[in-house]
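The values are calculated or read from the model by the stated rules, or taken from the named source; none is laboratory data. Bear in mind that the values here come from a model prediction, so they are computed numbers and not experimental data. For neighbour counting, all protein chains shown are included, and Cβ atoms are generated from backbone atoms with ideal geometry for every residue, glycine included. For accessibility, only protein heavy atoms count, side chains too; no ligands or nucleic acids. Shrake-Rupley method; radii C 1.70, N 1.55, O 1.52, S 1.80 Å.
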Amino acid sequence: GMPLVLLSLLIMTDFDSIHGLKFESPINVSAFFAVNVFSSAAITVICVNFMQKLNVLSERELTQLAAEVNGKNINLEKTNAELDRFLYSTSHDLRSPLSSIKGLVNIARMETSDPKMQGYFSMMIDRVDKLDFFIKDIIDYSKNARTEVRTELVDFTKLLDEVTDNLKFLEGAASIQFQSKVLISHPINADKNRLSIILNNLLANAIKYHDPRKERQWIDVR
């Protein structure tokens with residue numbers, strides 16, 4: 001604060017703190033030179049010391065931040081590994097029993113011709129299919145969020161046929177006519193897994209939300 005005040009007084013007024021001191025004497029010149037050298041050296045030492053302290057503090061903070069980031073990365077890797085195990089368990093330990101239930105229901109359907117029992121069996125299979133589809137959606141969403149994009153040559157027409165065939169057994173799909181006018185005749189570079197999921201979701205939604213009251217029901221892919 002004081003240096004700024006003195007500098008302001010010097011600029012705006014004729015302020016002279018050493019009023020009239022002459023530098024004609026060699027002794028005065030030597031004395032002021034020595035004072036300037038000493039002052040400069042002192043200020044330099046103070047600045048260097050300050051910069052060293054600042055550098056030490058900065059290095060200490062950076063080391064601490066690096067340790068925190070490393071710890072968070074380790075925890076993130078553990079979380080991802082646990083999520084991978086969960087997805088594997090979900091895919092195999094949950095979907096496999098659902099397939100077994102569907103098989104048992106189909107066997108039970110062959111044991112009776114009672115229309116009422118057949119209706120119950122159809123509803124059971126429908127609920128199992130919906131649960132299986134829901135589990136598959138969760139797995140696909142998680143894989144999409146955590147898996148890198150991997151491109152490869154994909155036969156789009158063949159992939160569309162595979163997706164369509166897998167969806168023809170959904171409820172309401174039997175009455176729908178599937179049409180496609182795909183002009184892509186050559187393999188394309190794409191992420192096959194993600195492209196398959198996109199087509200599956202679009203077509204599944206088209207089946208799920210179609211209007212069964214219409215005389216002609218169709219899904220057209222172009």
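A few notes on this one:
- CD proxy at 222 nm, helix term only [per DSSP H run n ≥ 4: -39500 (n - 2.57); per residue of the chain; nearest 500]: -24000 deg cm²/dmol
- Summed side-chain charge close to Ala206 - residues other than Ala206 whose Cβ falls under 14 Å, Lys, Arg +1, Asp, Glu -1: +1
- A straight Cα-to-Cα reach below 15 Å connects Lys53 with the aspartates and glutamates Glu61, residues fewer than 8 places away in its own chain not being considered.
- Peptides 198-208, 162-172, 85-95, 34-44 ranked from most to least packed by the mean count of surrounding Cβ atoms within 10 Å: 198-208, 162-172, 85-95, 34-44.
- Within-14-Å neighbourhood charge of Gln179 [Cβ basis; K, R +1; D, E -1]: +2
- Ligands, DNA and RNA are left out, and with a 1.4 angstrom probe the accessible area of the chain is 79 Å² per residue.
- Taking θ as phi - 60° and the Karplus parameters 6.51, -1.76 and 1.60, the scalar couplings of the range 167-177 work out to 9, 5, 9, 5, 4, x, 6, 5, 8, 9, 8 Hz in sequence order, x denoting glycine and proline.
- Coupling constants for the range 182-193 follow from the phi torsions by the Karplus curve (6.51 cos²θ - 1.76 cosθ + 1.60, θ = phi - 60°), and in residue order they are 8, 8, 7, 9, 10, x, 10, 7, 7, 7, 4, 4 Hz; glycine and proline get x.
- Distance between the range 180-222 and the range 124-160 - C-alpha centres, whole angstrom: 14 Å
- Shape call, the range 133-220: gyration tensor on alpha carbons, a/c limit 1.5: oblate
- Pairs from Lys102/Lys214; Lys78/Lys136; Lys102/Lys158; Lys143/Lys192; Lys158/Lys181; Lys102/Lys168 whose Cα-Cα separation, in the structure shown, is over 19 Å: Lys102/Lys214; Lys78/Lys136; Lys102/Lys158
- From phi via Karplus (6.51, -1.76, 1.60), per-residue ³J(HN,Hα) for the range 44-51 in Hz, x at Gly/Pro: 4, 4, 4, 5, 4, 4, 5, 5
- Whether the range 34-163 is rounded, prolate or oblate, judged on the alpha carbon gyration tensor where a/c under 1.5 counts as rounded: prolate
- Both radii are taken from the alpha-carbon atoms of the chain; with Rh as the Kirkwood radius, Rg/Rh is 1.51.
- Normalised by the number of residues in the chain, the average gap of Cα pairs under 8 Å and 6 or more apart makes the relative contact order 15 percent.
- Neighbourhood net charge (14 Å Cβ-Cβ; Lys/Arg +1, Asp/Glu -1) for Arg109: -1
- Overall form of the range 60-120 per C-alpha gyration tensor (a/c, 1.5; a/b vs b/c): prolate
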